[in-house]
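Have a look at the structure below, then the notes.
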Amino acid sequence: MPLMGKADRVTAVLLLAFSVAFAAGALKYYAWWGDSGPGPAFMPFWLGLVMAAIALLLLLRKPRDTGKDWVPRGEGARRVLVVLGVTVAFVVLMQVVGMIVGGALFLAVLMRYLERQPWWQTIVISVTAAAFNWLVFAHWLRVPIPQGIFWTF
């Protein structure tokens, strides 16, 4: 079996196991239906089923060799490690800088360092994304998000 075929199989099995556990956990810990309609388990359960279907399709698909390594090398490996490092830094620092500011910084670092976007574009997109996240999650939906030191005023 080609190397990419093995990678697809491993990924499909892991996704299938995760999705079944996700759907079962939704039904175990949350109500399927409430007095006014779908309960908190409704969406996660269906999401788990969709992920399981995708995993099954990946498992049933004929393996093909793309000629590429399963694990990226060189520039590809550097990019993967940068994204992983920036993501870990974002999660670790979220309680300090908050989710809105942290998300903007996360996006700015990836845009500037990996994609080499101009500063003006990086700033405009990062600030716009932060404003949109604040508007939707903090203001409109009133989701309790980490606010950090910048939102204590």
Pairs where the first residue, in the range 116-135, is in contact (Cβ under 8 Å) with a residue 12 or more places away in the chain and within 15 Å of Q147 (Cα to Cα) and the second is open to solvent by 60 Å² or more (accessible area, probe 1.4 Å) and hydroxyl-bearing (S, T, Y), C-beta under 6 Å, 6+ apart: none
Determine whether the range 85-93 contains at least one residue that is more than 16 Å from the chain's Cα centre (by Cα) and surrounded by 12 or more Cβ atoms within 10 Å (Cβ to Cβ). yes
Restricted to the range 136-153, and to residues that are outside any helix (DSSP H, G or I) and without any contact (Cβ under 8 Å) to a residue 12 or more places away in the chain, which residue is most open to solvent (accessible area, probe 1.4 Å)? F153
Please work out which residue is most open to solvent (accessible area, probe 1.4 Å), limiting yourself to the range 21-39 and to residues that are part of a loop (DSSP other than H, G, I, E, B) and in contact (Cβ under 8 Å) with a residue 12 or more places away in the chain. Y30
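For the range 122-135, does any single residue satisfy the condition of being of a type outside the set (F, W, Y), touching a Leu at 6+ places or on another chain (Cβ under 6 Å), more than 30 Å from K6 (Cα to Cα) and open to solvent by less than 80 Å² (accessible area, probe 1.4 Å)? It would help to see each step written out before you state the result.
Of the range 122-135, the ones of a type outside the set (F, W, Y) are 122-131, 133, 135.
With the extra rule that they be touching a Leu at 6+ places or on another chain (Cβ under 6 Å), the set shrinks to 126, 129.
Now drop any that are not more than 30 Å from K6 (Cα to Cα), which leaves 126, 129.
Within this subset, residues satisfying the condition of being open to solvent by less than 80 Å² (accessible area, probe 1.4 Å) are 126, 129.
The answer is yes, given that some residue of the range 122-135 is of a type outside the set (F, W, Y), touching a Leu at 6+ places or on another chain (Cβ under 6 Å), more than 30 Å from K6 (Cα to Cα) and open to solvent by less than 80 Å² (accessible area, probe 1.4 Å).
Pick from G67, G37: which is at pLDDT below 85 and more than 30 Å from R116 (Cα to Cα)? Lay out the reasoning, then the answer.
Numbers: G67 fails: more than 30 Å from R116 (Cα to Cα).
From the options G67, G37, the qualifying one is G37.
In the range 2-20, which residue that is surrounded by 13 or more Cβ atoms within 10 Å (Cβ to Cβ) and of a type in the set (G, A, S) is farthest from the chain's Cα centre (by Cα)? Write out each step before concluding.
From the range 2-20, those surrounded by 13 or more Cβ atoms within 10 Å (Cβ to Cβ) are 2-5, 7-9, 11-13, 15-16, 18-20; that's our starting set.
Next cut, of a type in the set (G, A, S) only: 5, 7, 12, 19.
Values: G5: 24, A7: 20, A12: 18, S19: 15 Å.
If we take residues in the range 2-20 being surrounded by 13 or more Cβ atoms within 10 Å (Cβ to Cβ) and of a type in the set (G, A, S), then G5 is farthest from the chain's Cα centre (by Cα).
So, L16, is that one modelled with pLDDT under 90 and assigned to a helix (DSSP H, G or I) or not? So that I can check it myself, show each step before the final result.
On the way: modelled with pLDDT under 90: no; assigned to a helix (DSSP H, G or I): yes.
The answer is no for L16.
The values are calculated or read from the model by the stated rules, or taken from the named source; none is laboratory data. Remember, it's a predicted structure, so these values are computed and weren't measured experimentally. Note that we place each Cβ from the backbone using ideal geometry, even for glycine, and neighbour counts take in every protein chain shown. To get the accessible areas, we keep the full protein, side chains included, count just its heavy atoms, and leave off ligands, DNA and RNA. Shrake-Rupley method; radii C 1.70, N 1.55, O 1.52, S 1.80 Å.
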